[in-house]
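Computed from the coordinates by the stated procedures, all read-outs in this text should not be read as laboratory data. Small disclaimer: the values here were computed from a predicted structure and weren't measured. Please note: Cβ atoms are built from the backbone with ideal geometry, for glycine as well, and neighbour counts cover all protein chains shown.
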Amino acid sequence: MKFIRKNWGNILFVIVLALLLIPQTRMFIQVPLQRLLSISPSELSEEERIMIEEYRWQLEDSKGSPIQFEEAKGEVVVLNFWATWCPPCVAEMPSLQALYDSFGDQVEFYFVTSEDTTVVARFMEKNDYNLPIYFQKYRAPKQLQVTSLPTTFIISKEGTIVVKKTGAADWNSDRIHDIVKQLLKY
């Protein structure tokens, strides 16, 4: 008993570490932690901004129908690459849903995944999300290719990447709302 009282902090640390290593408990711990640590992304500087040169990219909707990303040309776009098995992706989904609820009728939203449609449908239903999900069957245009999930872009009507964020973020912040409102003015 004396050992436990003296080392309770170390014991707790080892338990949490073990839980993070076990796949069945990892998501349960990482998602709230990611939400707690998420901050609102900021705009890229003028020097960091990249113009999308090519919009030709075919996606599929949940029914398997082809969708052309080219239809978003000339619109403000929020493009998110994600997966249901990715704790940072799951952590930021509520803030993305809130952003979609605020701007879904003014901004083109693309939530792109490479997962199985039934897995994604179950995840969306379980969490009561109504985000527009698309399935990547072909490689994204060069400026939109990613190697980490989640990665989110906010693209201006002119095709300039104004925000690029890899990792979980708070997308329902005043800062992001102001950026989107500013982009919608032009």
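Values as computed for the structure displayed
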{"quantity": "Inter-label distance for E158 and L21, nm, one decimal - labels placed 7 Å from Cα along Cα-to-Cβ", "calculated": "5.2"}
{"quantity": "Least to most buried among T84, T147, T113 (fewest other Cβ within 10 Å first)", "calculated": "T147, T84, T113"}
{"quantity": "Which labelled figure in [x] 19.0, 68; [y] 15.2, 42; [z] 18.1, 55 is Rg and Dmax of the Cα atoms in Å, once derived from the coordinates", "calculated": "[x]"}
{"quantity": "Residues L99, L37, L17, L183 arranged by fewest to most Cβ contacts within 10 Å", "calculated": "L17, L37, L183, L99"}
{"quantity": "Segment I11-S45, extension gain: residue separation times 0.36 nm, minus the distance between their alpha carbons", "calculated": "7.7 nm"}
{"quantity": "Beta bridges per DSSP with both ends in the chain, % antiparallel, nearest 5", "calculated": "70"}
{"quantity": "Helix runs (DSSP H) in the chain reaching 18 Å along axis by Cα, Kyte-Doolittle at least -1.0", "calculated": "2-21, 23-37, 87-103"}
{"quantity": "Förster radius 25 Å - calculated FRET efficiency between D116 and K63 (Cβ-Cβ, nearest 0.05)", "calculated": "0.95"}
{"quantity": "Linear extension gain, W85 paired with K181, 0.36 nm per residue minus alpha-carbon span", "calculated": "31.4 nm"}
